[in-house]
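Chemist: Could you have a look at this structure, given as structure tokens, before my questions?
Just so you know, all these numbers are worked out from the coordinates, no wet-lab data involved. Because the structure is predicted, anything quoted here is derived from the model rather than measured. Cβ coordinates were reconstructed from backbone atoms using ideal geometry, including for glycine residues, and neighbour counts include every protein chain displayed.
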Amino acid sequence: MSRNQQHLLRLVLSCRKITAQVSNPTTSTIIAMASSSEQESFLSIYRNTSLSIFSRQSWDSKTASRVGEKLGFRLKEIGVNNIYVDLNEELSRPIHYRKRVLPLFDSVKRVGIEVDGAEKLGEIGPV
């Protein structure tokens, strides 16, 4: 499948939440999304950790993994089996964000969705 026919996975990151969006390549509309701010994710973060609402960082690699798994199941449900990551966009992120989002890509793959470009992110070390 060519890149312009695959669906694009975009990550929206802040110090407090992570959101993964998959968009249709022709219309740029979001077809699936998952976020750490969804109620079940939000509750599990604060129940299982000692983070407060005023904490500087409220998501980690475990949270990213849960978001990836949720996104993968939603993609499977609508029949999407292949997505790609904009490598240039992901490489432009600070290294501390890159390290924490790698489990998201792994979780999406474990559900059975092929993620083109994610393997290159794992190979690249700190800049």
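Chemist: List the lysines whose alpha-carbon lies under 16 Å from that of K120, not counting same-chain residues fewer than 8 positions away?
Modeler: K99, K109
Chemist: Once the piece of chain linking K109 and S37 is laid out straight, how much longer is it, given 0.36 nm per residue of separation minus the C-alpha distance between them?
Modeler: Contour length minus the Cα-Cα distance gives 23.7 nm.
Chemist: If I stretch the segment between S14 and D86 completely, what's the gain in nm (0.36 nm per residue apart, minus their alpha carbon distance), one decimal?
Modeler: Gain in length upon complete extension: 24.1 nm.
Chemist: Follow-up. Name the trypsin sites (Lys or Arg not before Pro) in the stretch 68-125 that are in a loop by DSSP and that have at most 15 other C-beta atoms within 10 Å, would you?
Modeler: Here no trypsin sites (Lys or Arg not before Pro) fit, given the DSSP loop and packing criteria.
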